[in-house]
Every structure is written in structure tokens, then in C-alpha cells.
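The block underneath contains the structure these notes are about, expressed in C-alpha cells.
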Amino acid sequence: MKTIGLLGGMSWESTIPYYRIINEEVKNRLGGLHSAKIILYSVEFAEIEKCQSSGNWDESGEILGQAAKGIEAAGADFILICTNTMHKVAAQISSKIQIPLIHIADATADELEKSHIRRVGLLGTKYTMTQDFYKKRLTDRGMEVLIPDDAAVEVINSIIFDELCVGEIREASRRKFQDAVKRLAEQGAEGVILGCTEIGLLLRQSDVSIPVFDTTVIHAKRAVEIALET
């Protein structure tokens, strides 16, 4: 079994599901008392968010790159960044290490292709929804990506940072996400990506009418596939 490196803490609320899903999946596949080999580096999220809001992405990439080096030195065979947004600096992080970095958008695109989804809605932080670092990984694979309107982008971003990242789950916010998905479906979205690792804490498949692609679940399960490859 390979050792999985997790670069987490952004926020820690969504790092917990990574740990749980990975170990549940290993147990399901191997049975008995089997669990995953994991090395977790959890960063101080306030430092990273300060870089995000100020646009200082290079500094955030340096912080995460150094953390990734620590994960590699501790013996990980590959690394997952346990957040969608910070894949904006995935190339900078990769440049600091010799082991593979498993990109969350690539794993998600694989699942979309398996489900024959070509037009997909994307929910996430405002950075993920409006910038190209994430969407381009999908459009390069021939997919069309739809995002909410400007007002909804701000509402969704606020819910993520002000509520989900601090562990608050509100029914009113769930309804706002449901409305956003409904509007995307009306525009022709065949499925929706939960492109922030916290959104799965709030929104479930049963809450919406089109297929949901939870990036936390997809990414964590991809890690197990790689860890158990022979």
C-alpha cells in the first residue's frame, strides 16, 4: 500500500471527510482492520485566506509548497491538496516536490466523462468559479462549464467562508445552493460539480434534481485507487 499525503486545513472542516472517506474506502476494499497509510499536514487557514483575499497567490504557493516538501520528506508517495481553490497554485506546489500531485479537477473530469456529462455547472469559491485555473482543466477535455450569475457567486462565496469553513450548516443557505443548482439546470447543466470541498457538508444528491459530483469524495476515492495499485 502506498502512503497518501494530504495537504489539508483549508479548512479543517473539509479535511476531516478526506480522512474518513479514504479509510472507509480502504476498509471496504480490503476488509478486516485495514486502514490507509496517511501523512497529513494541516496548515493555518487564516494565513492562506489572507493571501487569497489580498491576491498574494505566490506567497500562498510558497507556504503550501514548503508544506508539501515536508509531506514528501515524511514518506508520502503522492500528494492531494484537500481544497479546490488552492489548486490555483498547484504548479508552484508541484515544482517543490518530486512525487506526483493528484489534481482534483482531473479526477473530477474523469468522473464526468464516465457519466457522459458534457455540460456541467460549477459551484465553489468565487476564485474557482470565475477564474480559469480550474475550469480550463475541464474545457480542455471538451466540457462546457456553467457558473451562477455575479450576485449568486458572491452569495455562494460568502456561505463557504462565513459558514461552512467554520462548521455552520444553515437550512436557509442550503436553499440558496438549491436555487443556484436549479438555475444552472435551467441553463442546460447536465450535472453540477461541488467544486469546494466544504459544499458537500451542506448539499447532498437528494437536495437537487441533477447529478452531483462531490469533489471531496471523488478526490479521496482516487487517492485510494492509486494507493492500492499493484
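Brief remarks follow.
- Of all residues in segment 1-46, those that are closer than 16 Å to Ile218 by Cα and among the aromatic types (Phe, Trp, Tyr) total 2.
So that you can scan it fast, the table gives a plain yes or no per residue for (1) of a type outside the set (D, E, K, R); (2) under 17 Å from Thr197 (Cβ atoms); (3) without any contact (Cβ under 8 Å) to a residue 12 or more places away in the chain:
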| site | (1), (2), (3) |
| --- | --- |
| Leu30 | yes, no, no |
| His34 | yes, no, yes |
| Leu40 | yes, yes, no |
| Glu47 | no, no, no |
| Cys51 | yes, no, no |
| Asn56 | yes, no, yes |
| Glu59 | no, no, yes |
| Gly65 | yes, no, no |
| Gly75 | yes, no, no |
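- Per the conditions (1) in contact with a Phe, Trp or Tyr (Cβ under 6 Å, 6 or more places away or on another chain); (2) open to solvent by 70 Å² or more (accessible area, probe 1.4 Å), the sole criterion not satisfied by Ile193 is (2).
- Of all residues in segment 173-230, those satisfying the criterion of being assigned to a loop (DSSP other than H, G, I, E, B), under 16 Å from the mean Cα position of the chain (by Cα) and over 19 Å from Ile117 (Cβ atoms) are Thr197, Glu198, Leu202.
- If the condition is being open to solvent by 40 Å² or more (accessible area, probe 1.4 Å) and of a type outside the set (Asp, Glu), then segment 145-166 contributes Ile147, Ala151, Val155, Ser158, Phe161, Val166.
Results for (1) within 22 Å of Leu201 (Cβ to Cβ); (2) in contact with a helix residue (DSSP H, G or I) (Cβ under 7 Å, 6 or more places away or on another chain); (3) among the small types (Gly, Ala, Ser), shown as yes or no for each residue.
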position	(1), (2), (3)
Ile99	no, yes, no
Ala105	yes, yes, yes
Lys136	no, no, no
Pro148	yes, yes, no
Ala151	no, no, yes
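The values are calculated or read from the model by the stated rules, or taken from the named source; none is laboratory data. Model, not experiment: these values are computed from the prediction. No Cβ is skipped: glycine too gets one built from the backbone with ideal geometry, and neighbour counts run over all protein chains shown. To get the accessible areas, we keep the full protein, side chains included, count just its heavy atoms, and leave off ligands, DNA and RNA. Shrake-Rupley method; radii C 1.70, N 1.55, O 1.52, S 1.80 Å.
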